[in-house]
Structures are given as C-alpha cells and as structure tokens.
Amino acid sequence: MAEIHLKQLAHSYLPHPTGSQDYALKRVEHVWEDGKAYALLGPSGCGKTTLLNIISGLLHPSEGQVYFDDRDVTSLPTEQRDIAQVFQFPVVYDTMSVYDNLAFPLRNHGHDEAVVRERVLRIAEMLDLSAVLKKKARGLTADAKQTISLGRGLVRENVAAILFDEPLTVIDPHLKHTLRMQLKRLHQQFYHTMIYVTHDQTEALSFADQVVVMYDGDVVQMGSPQELFERPAHTFVGYFIGSPGMNVLDARVEGNRAYVDGLSVPLAYSYDAIAGTKVEIGVRPEFARLMSREDAGGSGLPVTVKRIEDVGRFKIARAEFLGRELNVVIPEGIPVSDRADRILFDAQHVNVYADGWIVKGRAA
Amino acid sequence: MALQLENISKVAGRETHIYPTDLSLDAGTLNVLLGPTLSGKTSLMRLMAGLDKPATGRVLWNGNDVTGLPVQRRNVAMVYQQFINYPSMSVYENIASPLRLQGLDKASMDRKVREIAELMKLDSMLSRKPLELSGGQQQRCALARALVKGADLVLLDEPLANLDYKLREELRVEIPRFFTESGAIFVYATTEPSEALLLGGNTAAMWEGRVTQFGPTLKVYREPVNATTAQVFSDPPMNFVNVTKAGDKLLFGEGQSALAFGDLLALPDDCYMAGFRPNHLSLVPLDGQVLKFHAEVTVTEITGSETFVHLQHADDAPWVALAHGVHELSIAQMAEVFVDVGNIYFFNAKEELVAVAAATKAA
Amino acid sequence: MKTWNNKAWFMVVPVVILVAFSAVIPLMTVVNYSVQDTFGNNQFFWAGLEWFNEIVNSERFHDALGRQFLFTFLILIIEIPLGVYIALHMPTKGWGRPVALVLMSLPLLIPWNVVGTIWQIFGRSDIGLLGYTLQLLGIEYNYTQNTFDAWATIIVMDVWHWTSLVALLAYAGLQSIPQAYYQAARIDGASRWAVFRYIQLPKMRSVLLIAFLLRFMDSFMIYTEPFVVTGGGPGNSTTLLSIDLVKMAIGQFDLGPAAAFSLVYFLIILLLSWVFYTVMTNIDKQER
C-alpha cells in the first residue's frame, strides 16, 4: 500500500500540444492518501480515464511525475507498479477455471503453489467465489466475472492501489447494490487505497470517502460526499451531483441579501462586494420548499407549478419562475397544496457563485 | 387504437422465454417493462413488433388479428440500447429516411424533419454525420428517426442504458413529453425502478419470462401483488421479516408486537412475511405505531444527502436502510432501527400480497 | 386469418436449381458410372460394387492416399503456426497496417495454374532464380529428378500461396480482442507467452478452426499447382489423390473405376471434415 502523489501532471494525446484546449488532462497536483477510498467523478471525456491510466502506467504522461510514496514510478511499466485494476467490461481468462484465474497473477510472479493455494482460497472465501472455483470462468455471469477481476487484484499482497474503471456498467441494478456493498466492506476491512472512476454520482458518492469531480480536464472540486452536496465549489458540481441538479439563478448580492429580479432572498452569510462579471445563487431542490402565498407570509419567489412528478420515495415539483425552471424535492408523506405558488429557500444552504466559482461569506 | 396480447408465449428450443401472457396497451399510453436482465423484456417487445413468431396466442391491433403479419407491414418503430443510425448519412438524411420510404413529398418531409429535429435539439447539427456526435446526440437522432415515422407502436429497449448519468436524466424528462404529443403506444424497457417511476405511465413488472403485475406505475410500486413484483420494483431491495398474527396481535421476530388495524384485522391467524422498503426503515425513532429492531451494521454508504446502511438482522436476509441526511455508524455496531407498521406489506406463504396498511396505498 | 407465409421459399429456388445443376446432377452421374462398366459404344453393364472393391483394395490408391495425408499434414503443421506467427507480428495501426494487409492478400489473388508456373520456372536450375542460386551455392537441387526436392518444392509453394489466408483470418481474430485484456494481463504480470496462450489463442480459436478446415479441404483436393510443377513425378512420388484420379479418368479412360475413386475420395473428405469439426466444437463445449 502506498500514498500516490501526482506532481504537476498533464497529458495531451497530441504530439505537440499548443494550447490548453489540446490537453485531455490539465495540470493536476494531487495526493491520494494511503488507505482511503476515492471516487473520480465526471462526464465522459472529462479526462478521468486518462488520469487513471497514468496512475496504472498504461499511459505515460506528457508532463509531470507520479510518485508511489517516495518512489518515482513515472517511467515504470504497469507490471512493476503493484497496481490492480478492474475494467468496465469484465476481463477474465476464458479458458481457465476460476481458481486458475485467481492464481494467475501469483503464478506469474513465481510464487510457490502452496502459497498460491492458501491465498486463492482465502480471497475466494472473502468474495463468495468458493463454490465456483472449479468452473470455467467464461460461463459465469457478468457480476461474477467482475468479482473475479477484483479477486485477481486482491490476491497479490502489497497492492499499492486498486483502480476501478466504471466497473458496474454491465451489471444489473439489483446486483450493483451487492457488488458495491462488497467493495465497501472490503475497503473497511483491509484499507486498500482505492480509486474508482465513474460518471454515476450514486456510485461515486456512496463508495468514496473523498470524491474528486473532474470537468474538461480539470479537477473542479475534491471533498467528502457531504461537502460536495452541501457546498458545491462550482455550479458544474451543483449541476452534476444531485438529481435533479442544483437550481441556479442570476442574482445581485448585497451584504446578507441576494436580489433576484428585485426580489430579496435572505442569505446565512454576509458578502463584501463580489468581483466577477456573473453573480449567481445556487440552491439544491432538497433545500427549497414549495408553499402557498399565505403560508409564505409575503416572502419567497413567486412561481407557477408546471407539474409534480411522484417518484415513490419523494416528489419532484417542476416550477417556473420568470421563464426559468426551478425544482423542489418534496419528501414522501408531505402534502402539496394546490395553491402552492411560492418557493422559499433554506438560507443556510443558499450558495453564492461568481463566474461559476463559489464565494465564501462572512458570518453575518 | 390498442394493442392486445392474448395468451402469448415464446419458446426457443427447450427454453421458455415468455410464459403465456395477456397484456393490453391503450393508445396514447406510455408503458414501462421493468425487470432485470433476461427477464423477458426484449422477447416481449419482439413479439409486439412482429419480429418473432409467438409459440401460442394472438396479437390484436384494434381487435384485428395481426399475429402473422411481418414487421414491415406493421407501423412499428424501435430504438435500441446501442445507438443505431446510418453512419454514411447525415443526421437530416437519417431522420428523413423513414419518410422517404413512405414516399412523402419533399416539402412536407422537410417540414417534419425540421420539426422533430427542433424538438430533439438536433436542429444545429442536421448536416453532420452521426459518428461526429456525442452519445446522447446519437441516441437523440435514433429517437428522432423512430418518432418522425409516426408509428402506432414505438418500442424503446433500454434506450438510455449506454448514456452518461446526467444525459440519461435529461432525456428521461424529455421522452414523456414526446409521447403525449404523438398519440402512439410507447413501450419502454428498463432495468431500473427509479427510471420507471420518473417516466410514470403504466408499468409491467417482469420476472423470469412472466409479467408479474401490470398497472399504473405508482400503483404497482405502492401495491405490489406479490413479493416478486415488490422486489423487482425496489432498489435497494426490500427488507423482509417473519411475522405471526394471533387475534389482533402481530408478533415479529424479536418478540415485538403490534396491534393489527385496517385490512390487517381481516387476516386469518397464520405466519406471514412482512416486507418494507429501505426508505421506510428509519435510524431515528418515529411517531405512530412503530416497531423497533436491533441489527448489526455491516456497511454504510453516505451519498451526501442520504445514507445507505446495510444491516444484518438475526438470521434474515440482509437489510438496507435508506435514511435522509448523513449518519456515521461504525461497522459491527448494533443499531436500533424503526419501522412504522403502516408501511409494512404482508405476504402469505405463496408470496402473494394479502394486506397492505393504509398509509402506503396509492392515492 | 393471415398467417406466416411461405414466400421465403421462392427466394431459395434459384440457389436450389444452381446447386442441383452444379453439384447434385454431376454427382449422380458419377454414382451412375461407378456401378457400371462400359466398353464404349454407349453400352453399359451393371458392375455393382466391383469398382469400389477394386479401388479400396488397390495399392495404387493406398499409395496416393498416403502421399495425400503426408502432404496435407505437412502443410497444416507449417501453415497454421506460421500464419498465427505472422498475424501476431503484423502492424495493428499506422500506415503499416494497410500495406501489410495488401501484401498478405497478394498471393491469394494469383490463379492456381499461374502459381504452379511461377514455381516451375523459379525452381529451374538454368533460368530460375531459386534453382540457379541453389546451384551456385553448390546444392544439388532438381525437382524433376529428386523426390525430396519435388516434395520440398510443392510444399514451399503451397505454404507461399496459402499461409496468407491463415494469417489474415488469425489477424481478424486478434483484432477483435478488446484492449482491456492486454492491459489486465500487464497488470497481472503475464509473460508474452501467457498472453498468447490465455488471451490470444482462445480468442482466435474459432477463426483458426475455420482456417484449419479450409486448408484441410483445399489441400486434400489440390491438383493444379503440383501438377503444373511436377506432373506427379518423379515417378509417382508426388502423385496426390486428385492427380491420380485425373490420370485414371482422362489418361486411361477408366470411367467406372475413376467414378468409384471420386466417390471414395469425396466420402473421405466429408468424413474427415465432419470428424475435425465435431471434435473441435466439442472441445469448445466442454470448456464452457
């Protein structure tokens, strides 16, 4: 196990990049702490797979270095890095039995058959594969194959990190749950450094201690799931995490008040004059409430409710405010009045953004 | 217009893909086929389209038997999980292709193509080739081609499965809008319960080649007729515990007891299986008639707004609690969890729903 | 009630007619000849299974069959591994890829009798590049006199002509392997050999089965190229089954025995192909 340090890392797939638009990965300086579970979250083409392949050594970065603890591994080939990786589509050695699949990396490293046996049996036990050890790997289901790929990584002692490249893509929703839980349990038992690449926020947030959000080759924010949810550092994070995404409105901010089209919205913090051409406020649908004019007592933004979608666990109210869509999440069991035409925000959770980036306020 | 399947089944070799099924879909409705992989969603769609010949039964269109009619002579459109477009044609030509086959005149074809392209937000890329587009745009193009045809039956087989999470969310909101304007019968296959709920309409829950329940989506979700449907329509899976009814008393695993009420009073004394959804298993005490269980925490997953807590209760299958907010719990700790009796489903030995408390019923 | 119609059968009719004229009718003619005897004048006498008996028990047939097996065996054990080896080393991207594909396709485009003629001239010690060079190097080489040289020539010629086919098929098989497999193997620390043995070979298996069957059937029926080069000589040493058959049918005009010969020949190919195919697909199934 090791701490992974990315030093001034950048990568372009072009031989002679001229500007920042040519880079798939722009200047990343980052430390992956030993034993933590990370998720790398972003839309397709944001550079997350590029970053993963640089860590595993499948790709040589154009600029910068990769350190495992104090060791510069930038030009070390994959096989010398002690990395395990699980790919999007299950990779198993078709003609081998499950046992031989698990034993493969150990045998490649010339381990004694007794050692191989002991470790394979232990890992198989841990991953519930004991019953199928004698079967040919290719006849198994997709989730069993993914478990085998994971097992091939785990059998090796001293794995520096386990990397996952969208490992649940081909897995049924019911089984996704089981596999995700299994991963989490493994992590909580063994504390391997794990880096999990995905575009699915639920997978990222539920798996990781720390989530790294990437957008267009840049790391936009890194934080705990709770931080990302409550204080998105960029409007993109607000949009990308959460379903539906964060409501964003153009605003003018003075002290502890924001003005949206002249209507006042109270803020929990106070702001000095904000530098930046575009000022916005962002509120998650979970922190907005829909109520009638009387209940709102004169405050709140006037809206027209377009429709209410009941999705079982909660309802989503799609409302219109001066031509812009605002979403409100209404928890199960809370009734919605027919006369609801005001939206109120929870002041604690109204964030202020300047040119897309969050602005910190002073305690009011 | 209506599509009716009468006692339809599909057998391939020794395997039965679809057991005899009756299903009736009305015009202008959105119908979701919900079930895990290999539950028969695609097979059922192929039977509806006329791509496959049923082993038994009939397919009726507005009461006319069309069982033997090949797909070319039915007015059907289909969209697949893979983005299927003609790679050598422009987006415009792709969308126009079904209209050309219908022999439409140039002016009205052009009008229709532009109309649908605008709806699908493809109007700025009509001259591009499909492979130059992003995945979401490619699938929009395939959807546009299916919709422009004006088909009576539009079949969508997991159309969003290969797309990014956020794109999926956007298209999911858009799809119900198109169908309300077309008046056709839409059939949408998915493996995800949340997708079915977001789409609304009707849902047919499928499991191992059988339609276990068909009805309005929320009704199927709130009042599953059996444990299988409940499980198909629950993500994370439903939690189960044994319960014995004796008189007006309900006795649960650890000796918790509750008073029967509503529909429950009419149940004969017997052993039952009680099921409740993860979001109804609370980590904090609740009001009302509440049961308290002790379970061991195996894993916690925190998503920022919610926490998934995986639990092991006695010898039952693993439980999951989905709680609002952030809850830090350490592994192997014993936790107290609460469930409102009003949110419990009662299933008999045959796993059929026998009673549902009033609070969970669909409005 | 409209049911599933049988129109599709009409689409198949042209093929059925074509197959009838090109295969079934000639075959039946051969069957007809094989059970009769003729002394010309279009007079035929019933001979029963006599010709079959004679052919199956004749030393001449046994020798030709033995040579045929040896030839097919030799070219298979050379062409399959060599083809796979070439496929593994063909460039997979850049400008090298189309160039390699074109070069590999070239031998396949040359007509069979031209291949024979090329090698016939190539191997001549007076004007042929190969024969002359070997002569200069002091190596005795004469494919018209020496049995070993004749065999070497026709085998090298067949390898030159057909290895490309195996290589192209194997190459197509290799191209279908996703990159993730190679990456996983690197991470698992697999050797080059292990990658070949556990990833490439299993993924190539179905195309190699096709290559094997094609090369088996083709080589078992080979006629033109060795006939042009050696004419079956020296002596009868390179007289393979088909050459022998033609000698019998055209040279000696023994229609009855030749017909019986062709049927036995046909049955052998059919039987062996079936055996190979069944064995190979069964291995496939067992491993599932």
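The values are calculated or read from the model by the stated rules, or taken from the named source; none is laboratory data. It should be emphasised that the depicted structure is a prediction, and the values quoted were computed from it without experimental measurement. Backbone-built Cβ (ideal geometry, glycine too); neighbour counts: all protein chains shown.
Summary table below
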item	result
Any hit, segment A:217-225, residues being touching a helix residue (DSSP H, G or I) at 6+ places or on another chain (Cβ under 9 Å), closer than 22 Å to A:V31 by Cα, within 13 Å of chain B (Cβ to nearest Cβ) and in contact (Cβ under 8 Å) with a residue 24 or more places away in the chain	no
Strands (runs of 3 or more DSSP E) lying entirely in segment A:291-347 (those with 2 or more residues that are within 14 Å of chain B (Cβ to nearest Cβ) and within 30 Å of B:L286 (Cα to Cα))	A:304-310, A:314-321, A:324-331
Residue count, segment B:50-92 (criterion: surrounded by fewer than 17 Cβ atoms within 10 Å (Cβ to Cβ) and not in a loop (DSSP other than H, G, I, E, B))	8
Residue match in segment A:225-239 (condition: of a type in the set (G, A, S), modelled with pLDDT of 85 or more and surrounded by fewer than 22 Cβ atoms within 10 Å (Cβ to Cβ))	yes
Where B:S305 falls short, out of the listed (1) touching a Phe, Trp or Tyr at 6+ places or on another chain (Cβ under 6 Å); (2) more than 23 Å from A:K315 (Cβ to Cβ); (3) within 10 Å of chain A (Cβ to nearest Cβ); (4) not aliphatic (A, V, I, L, M)	(2)
Selected residue (criterion: farthest from A:P232 (Cα to Cα)) from residues of segment A:188-202 that are more than 9 Å from chain B (Cβ to nearest Cβ) and not aliphatic (A, V, I, L, M)	A:F190
Some residue of segment B:288-297 being within 11 Å of another protein chain (Cβ to nearest Cβ), free of Cβ contacts under 8 Å to residues at least 40 places away in the same chain and buried (at least 17 other Cβ atoms within 10 Å of the Cβ)	yes
Selected residue [among the acidic types (D, E), buried (at least 17 other Cβ atoms within 10 Å of the Cβ) and within 14 Å of chain B (Cβ to nearest Cβ)] from A:D128, A:D143, A:D100, A:D165	A:D143
Qualifying residues in segment A:226-237 (those that are at the interface with chain B (Cβ under 9 Å from one of its Cβ atoms) and not hydrophobic (A, V, I, L, M, F, W, C)) - the one nearest to A:Y13 (Cα to Cα)	A:E227
Scope segment A:267-290; condition hydrophobic (A, V, I, L, M, F, W, C) and either more than 16 Å from A:R257 (Cα to Cα) or more than 14 Å from chain B (Cβ to nearest Cβ) (or both); matching residues	A:L267, A:A268, A:A273, A:I274, A:A275, A:V279, A:I281, A:F287, A:A288, A:L290
Criterion (within 27 Å of A:A142 (Cα to Cα) and more than 9 Å from chain C (Cβ to nearest Cβ)) met by exactly one of A:L41, A:L14	A:L41
Complete set of residues in segment B:19-49 that are within 14 Å of chain A (Cβ to nearest Cβ) and in a strand (DSSP E or B)	B:L30, B:V32, B:L34
Elements of type helices (runs of 4 or more DSSP H) in segment A:66-167, at least 1 residues being closer than 27 Å to A:D34 by Cβ and within 27 Å of the chain's Cα centre (by Cα)	A:113-126, A:142-154
Filtered residues of segment A:240-283 (kept if outside any strand (DSSP E or B), surrounded by fewer than 15 Cβ atoms within 10 Å (Cβ to Cβ) and not aliphatic (A, V, I, L, M))	A:D261, A:G262, A:D272, A:G276, A:T277, A:K278
Matching entry among B:F338, B:F346 (being farther than 19 Å from B:R222 by Cβ, in contact (Cβ under 8 Å) with a residue 12 or more places away in the chain and in a strand (DSSP E or B))	B:F338
Which listed residue, of B:L167, B:L122, B:L160, B:L143, is more than 21 Å from the chain's Cα centre (by Cα) and either closer than 30 Å to B:L47 by Cβ or assigned by TED's automatic domain parsing to the domain that holds B:A27 (or both)	B:L122
Residues satisfying the stated conditions in segment B:37-51, i.e. farther than 19 Å from B:T212 by Cα and in contact with a strand residue (DSSP E or B) (Cβ under 6 Å, 6 or more places away or on another chain)	B:A49
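Residue by residue, here is whether (1) of a type in the set (V, I, T); (2) over 21 Å from C:G232 (Cβ atoms) holds:
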residue: C:V35; (1), (2): yes, yes
residue: C:Q43; (1), (2): no, yes
residue: C:A47; (1), (2): no, yes
residue: C:G66; (1), (2): no, no
residue: C:G83; (1), (2): no, yes
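Per-residue answers, yes or no, for (1) within 14 Å of chain A (Cβ to nearest Cβ); (2) farther than 21 Å from C:N146 by Cα; (3) basic (K, R); (4) part of a helix (DSSP H, G or I):
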| position | (1), (2), (3), (4) |
| --- | --- |
| C:P202 | yes, yes, no, yes |
| C:L213 | no, yes, no, yes |
| C:S219 | no, yes, no, yes |
| C:V228 | no, no, no, yes |
| C:G232 | no, no, no, no |
| C:N236 | no, no, no, no |
| C:M248 | no, yes, no, yes |
| C:A258 | no, yes, no, yes |
